[in-house]
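What follows is one structure encoded as structure tokens, with my remarks underneath.
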Amino acid sequence: MRNRAKTRESSLFRLLVVTLAVFASMSLLNGSRFFSYRTFASMCFQFPELGVFSLAIMISLITGGIDLSIISVANLAGLAAAFVLARPEAASHAGFSVVTAISLALVTSLACGLFNGWLVGYMGITPILATLGTMQLFMGIAFVLTKGHAVAGYPDAFQTIGNGTLLFVPIPLVLFLASSFVLQILLSRTALGMQLCMMGTNPTAAVFAGLDVRRLQLKTYALSGLLAGIAGLIVIARTNSAKADYGTSYLLQAVLVAILAGVDPRGGFGTVWGILLAVLSLQFLSSGLNLLRFQEFAGPYINNFTKEFTWGALLLLVMALRGPYRASVRRSRHESPRS
Amino acid sequence: MMIAAIGLANPVFYSLSNLFDLCKSSTVVGLFALGVLVVLVSGGIDVSFAAIGAFSMYVTSRTLLALDFHGSAVIAFLLAGIIGLSLGLFNAVFVAFFRLPTLIVTLGSASLFRGLLLGFIGTTIVNNLPEGMVRFSKLTMWNSTLANGTTTGLSWSFLLFVLAALLVGLLLQRTMLGRGIYAMGGNLVAAERAGFNIRRRQLFIYGFVGLLSGVAGIVHACTMRNANPFDLVGMELNVIAAVVLGGAGITGGRGTVLGTVLGVFLIVTINNSLILLDVPSYWQKVVTGLVILVSTGITARSRAQRVRGVGLC
């Protein structure tokens, strides 16, 4: 136990160093532009989405699975809300439609999550494949519902969720911090959190320890679905539109954040603190790269594809530096246990 | 397997030209699928093959054009194969030496390759392919003239798919290397204890996937008569669905070439018939998703019953 606590501390410390290093190098490269109030304000509105997605991925990674469908779930939930909000009569009784829209989105995402959980826990489909399939399925349903068009134009009351502030703190950030807090309590202070980690560490042992692994899987994916739904709400409130294929690049970034955060992709370990630091460092990098476009020496080389390149390179680099994982001692592949 | 076989019966109803079309469009998916099969059998997963294909295709076309090369398409295949092989080996290094989870490695490298291609190499579509590739794309094995006067033929590239299928089949069933790959997928630790050199096999597996992907990229460019760097990426799921549909288990140790080939034909047929039936294209994702879920669900259920029957659990 002590050993584990030690590695946890050192990995968090290393992450802190990485975050500060990214911050320092971006400030050096960009100078005063990076330090402006506007840059920080816009960052605070941007990273909460990715943060909530990363929390959703983390939950599934902790149990030894992975939820690849989070982006699709978020978009589907966002669309469910958008259908309510974009009706012409929504503006007149805004309060009612906002509440309906939010609950509808959360119910949709919960249902999607439960479906994932059922596929993994009760049907016994490997998480990768199950969520790969539902990723297509949910995105497909969203496409069928919208025929590929965006559903846009919501009441102002709803848009505050994405663009407003609460005591000078952006509301998306408040939502992210609140979700992180709840998740942190859940993972570290409740029996459920303990059970999830146990299942991730060794599913067979978890079965023999008397845990109802199927129910746990159901809860895991329901939770990650719900988090994806919250992210979806933030997204549509911030952009004032919902689309079937918004933000597909978030998936890779969320996995990247989780890995950066020290979540063990083989299951069993991950902290909310890590996610907070990792998402910050990624946002510094992303905003820094964006600002570099205005610099003469780098501008022409920076575009969305170079960013994609950077995410990929960073993911591999971080894992390579942290590895090798103890592959031959531990489970070498993800398999849901059968009872 | 059963579903795949029933699905295969459908194309018989189609015309000869549609059958040839089907063969042609299944070649690229098929070449990718054979690579994915080998990875899945070994207990890993690769989602970077489409990015590798696009990369090798585009870089090869641009290089040959820059060199003003007029020779045969064989050189194009060789060059793309070598590029694919090296990208595959890049994956392999992370898997074999750092022992990282294959899904996350290839997710990262797919983004890396794509970013490298589109961010640093180019985004313009090459419309005038090197001469050799154009000649190759026009070659057909035999021609038949239809009632309305148009001629159609089976493209030579289909032969590549057949050859690759035979090669992978021999490799998996008849060689020590192949048996080792099955053993790895069954139980990595046991395979290691049994004396199989895991590291060397992983280098081979991911290199081989890269090689096949490079070749598939050139076939795609020849079929399309252009090299579009935005192509191919996005079809990963279709390919994986085809392989899983063909009975390969994602947890490794199971899968056959015949099943994969049938799975490929089924997936291509489904996508093809959706177009023929005038189903709006936005239904395609729903269908692919359902096909993956139903087929994996059936496999998972039957495996569960088998395990219960033996009384292991």
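Annotations
- Spatial separation of Cα centroids for segment B:70-134 and segment B:37-54, in angstrom: 13
- Counted without the sites themselves, the longest stretch of chain A free of chymotrypsin sites (Phe, Trp or Tyr not before Pro) in a DSSP loop having at most 16 other beta carbon atoms within 10 Å is A:36-167.
- Theoretical FRET efficiency, 1/(1+(r/R0)^6), r = Cβ-Cβ of A:LEU16 and A:ALA191, R0 30 Å, to 0.05: 0.50
- Three-way shape call for segment A:8-322 based on the alpha-carbon gyration tensor, with the a/c threshold at 1.5: oblate
- Cβ-derived FRET efficiency at R0 51 Å, A:ASP245 paired with B:LEU166, nearest 0.05: 0.85
- A straight chain from A:VAL169 to A:ALA24 at 0.36 nm per residue would run longer than the Cα-Cα distance by 49.8 nm.
- Take each residue in A:133-145, count the other chain C-beta atoms within 10 Å of its C-beta, and the mean is 6.
- Ordering of A:188-194, B:216-222 by packing [mean C-beta count within 10 Å, highest first]: B:216-222, A:188-194
- Between segment A:217-259 and segment A:276-293, the Cα center-to-center distance that results, in Å: 19
- Anchor B:LYS285: aspartates and glutamates whose Cα lies under 12 Å away (excluding residues fewer than 8 positions away in-chain): A:ASP245
- Efficiency of FRET between A:LEU317 and A:HIS149 - r from beta-carbon atoms, R0 60 angstrom, step 0.05: 0.95
- Shielding of A:121-129 by partner chains, average beta-carbon count, 10 Å: 6
- Sum of side-chain charges, B:ARG199 neighbourhood, beta-carbon under 13 Å (Lys, Arg +1; Asp, Glu -1): +2
- Those chymotrypsin sites (Phe, Trp or Tyr not before Pro) in segment B:199-283 that DSSP places in a loop and that have at most 16 other beta carbons within 10 Å: B:PHE230
- Helix-only mean residue ellipticity at 222 nm for chain A, each DSSP H run of n ≥ 4 adding -39500 (n - 2.57), per residue, nearest 500: -23500 deg cm²/dmol
- Screening chain A for DSSP H helices whose Cα atoms reach 20 Å or more along their own axis and whose mean Kyte hydropathy is at least 0.0 gives A:2-30, A:37-62, A:70-85, A:94-117, A:127-146, A:171-189, A:213-239, A:272-292, A:304-322.
- In nm, spacing of pseudo-spin labels at B:ARG193 and B:SER86 (7 Å Cα→C-beta vector): 4.1
- Using only side-chain charges placed at the Cβ, +1 for Lys and Arg and -1 for Asp and Glu, the dipole size of segment A:8-322 relative to its Cα centre rounds to 180 debye.
- Number of partner chain Cβ atoms within 10 Å, mean per residue of B:295-302: 5
- Length gained when the stretch B:ALA66-B:ASN128 is fully extended (0.36 nm per residue, less Cα-Cα span): 21.1 nm
- Across chain A, the relative contact order, built from alpha-carbon pairs under 8 Å that are at least six residues apart, equals 32 percent.
- In sequence order, segment B:164-181 has phi-based couplings of 4, 4, 4, 4, 5, x, 4, 4, 6, 9, 10, 10, 4, 4, x, 4, x, 5 Hz under the Karplus curve 6.51 cos²θ - 1.76 cosθ + 1.60, θ = phi - 60°, and Gly or Pro positions carry x.
Since every read-out is calculated from the coordinates, none of them should be taken as a lab result. Fair warning: this is a prediction, and the values are worked out from it, not measured in the lab. Glycine also receives a Cβ, built like all others from the backbone with ideal geometry; neighbour counts cover every protein chain displayed.
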